[in-house]
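These notes concern the structure reproduced below.
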Amino acid sequence: MQHSKIAGIGYYVPKNVYTNTDLSRFMETSDEWIQERTGIKERRFADRLGETTTTMGIEAAKVAIARAGITAQDVDFIIFATLSPDYYFPGCGVLLQREMKMKEIGALDIRNQCSGFVYALSVADQFIKTGMYKNILVVGSEKHSFAMDFETRSRNVSVIFGDGAGAVVLQPTQKEGQGILSTHLHSDGADAEILAMFYPGSHANKWMPEKPGYPAQELGGLFMTTEQLESGAALPYMDGPAVFKKAVVKFPEVIKEALAKNNLEAKDIDLLVPHQANLRISQYVQQLLGLRDDQVFNNIQKYGNTTAASVPIALCEAWEAGKIKEGDLVCLAAFGSGFTWASALLRW
Ligand code: UT7
């Protein structure tokens, strides 16, 4: 059976740099706190009016398409992963199709938050393996800055996230042992409300746990009362320590699952590119797997957590820096809201 390989890769980050000290002008936080707890030094925020999740995705896609040696008209399927779409609906895939003047191909949006790109890669891999498509564009893009609250009440969320986009073109390869070796997808909805944004939604309070700390809400819906808006009910909610505890268990688990499936061990990994959630999480996972510093790539220091975009941005930066060579074993892994988590093992 044919496999799929990454034939082209690109990324785009907005020009506007916001350091930790910049954020401390809006809320009670400090460079010291943010660096110590997360490793983040700065992040990029999109231009408020000029840039959207789709336009950033397009910039990354243009690079990936050119590097794959094809044109936008050769793309035969789009998969777009994001939690911060331009519109509530339709998704970003069709907007990208329109703006890039692509043919009337299929466009699929994936809403799996931090693991969105790895999920998208897995879906694309299945379409390539069956021979259905030959040039699949997979994009992960986020414009978090538009929905973030820069008041102290939201500091545990807003200091972490940043904007950006990454993209790959997946193509078939007949070369045995090259390309995507396997992908592994998981979910556990038991703690779905631990990291979530409840509006707009149809939840009607059905699933909202009665726990202190959860934003007070009465009814889900598309329209909110002024009181609800002012109480911060429309903002993302995160129980950071609970997410951290689960992430440090599930990251190593899903990486080990991928290695075992391919009769490989952690020492065989040339480069692990983990979702950039928190530098402390990456370091913990590195330690648990017994990996050296040169076997793990992190760039959260510069971009913060860009959710669905973090894995392709990091993968592309690592490749551009010459840290990935032909024949290298590359492992991608992600964990986030849902909870959902995933891994992919690739022979470059
Ligand atoms: O992409 C996947 C999704 N997200 C994650 O993977 C996030 C996982 N979790 C984390 O990265 C960490 O839990 C955080 C970085 C979010 C928070 O770090 P923490 O060490 O778990 O801090 P905490 O939430 O337990 O808060 C400790 C203290 C609190 O003050 P008190 O109650 O001890 O007085 C917070 O109010 O730190 C305070 N705090 C801050 N102080 C300064 C929370 N955020 C900030 C801040 N600046 N930005």
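Every residue in the range 257-290 that is assigned to a loop (DSSP other than H, G, I, E, B), within 9 Å of the ligand (Cβ to nearest atom) and touching a residue at least 40 places away in the same chain (Cβ under 8 Å), please. Give the steps one after another, and end with the answer.
Let us first name the residues in the range 257-290 that are assigned to a loop (DSSP other than H, G, I, E, B), namely 262-265, 269-270, 275-278, 290.
Pick out the ones that are also within 9 Å of the ligand (Cβ to nearest atom) and you get 275-278.
If the condition is that a residue be assigned to a loop (DSSP other than H, G, I, E, B), within 9 Å of the ligand (Cβ to nearest atom) and touching a residue at least 40 places away in the same chain (Cβ under 8 Å), then His275, Ala277, Asn278 are the ones that fit.
Tell me the residue from Ala309, Ala318, Ala334 that is in contact with a Gly (Cβ under 7 Å, 6 or more places away or on another chain) and closer than 24 Å to Lys143 by Cα, please. Quick ask: steps written out before the conclusion?
Details: Ala318 fails: in contact with a Gly (Cβ under 7 Å, 6 or more places away or on another chain); Ala334 fails: in contact with a Gly (Cβ under 7 Å, 6 or more places away or on another chain).
Within the list Ala309, Ala318, Ala334, the selection yields Ala309.
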(message) Out of everything in the range 131-165 that is closer than 19 Å to Arg37 by Cα and among the hydrophobic types (A, V, I, L, M, F, W, C), what residue ends up being surrounded by the most Cβ atoms within 10 Å (Cβ to Cβ)?
(response) Val159
(request) Find the residue count for the range 47-80, including only residues that are farther than 20 Å from Gly91 by Cα, aliphatic (A, V, I, L, M) and assigned to a helix (DSSP H, G or I). (result) 4
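To keep it simple, each residue is scored yes or no on (1) surrounded by fewer than 18 Cβ atoms within 10 Å (Cβ to Cβ); (2) small (Gly, Ala, Ser).
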| position | (1), (2) |
| --- | --- |
| Asn262 | yes, no |
| Ala266 | yes, yes |
| Val273 | no, no |
| Leu291 | no, no |
| Ala309 | no, yes |
| Asp328 | yes, no |
| Ser337 | no, yes |
(request) Scan the range 79-104 residue by residue and report those that are touching a strand residue (DSSP E or B) at 6+ places or on another chain (Cβ under 8 Å) and aromatic (Phe, Trp, Tyr). (result) Phe80
(request) Taking only the range 1-60 into account, find how many residues are among the aliphatic types (A, V, I, L, M), within 18 Å of Ala277 (Cα to Cα) and more than 16 Å from the ligand (Cβ to nearest atom). (result) 1
(request) Determine which member of the set Val254, Val249 is buried (at least 18 other Cβ atoms within 10 Å of the Cβ) and in a helix (DSSP H, G or I). (result) Val254
(message) Every residue in the range 86-128 that is over 18 Å from Ala60 (Cβ atoms) and in a strand (DSSP E or B), please.
(response) Gly106
(message) Please count how many residues of the range 43-90 are farther than 19 Å from Gly162 by Cβ and small (Gly, Ala, Ser).
(response) 6
(request) Might you check whether a residue that is farther than 30 Å from Ala258 by Cα and basic (Lys, Arg) occurs anywhere in the range 164-181? (result) no
(message) Being of a type in the set (Phe, Trp, Tyr) and under 30 Å from Ala7 (Cβ atoms) is true for just one of Tyr303, Tyr284. Which residue is that?
(response) Tyr303
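Laboratory data are not the source of any read-out in this text; all were calculated from the coordinates shown. Note that the structure is predicted; figures quoted are calculated from it, not measured. All Cβ positions, glycine included, derive from the backbone under ideal geometry; neighbour counts span all protein chains shown.
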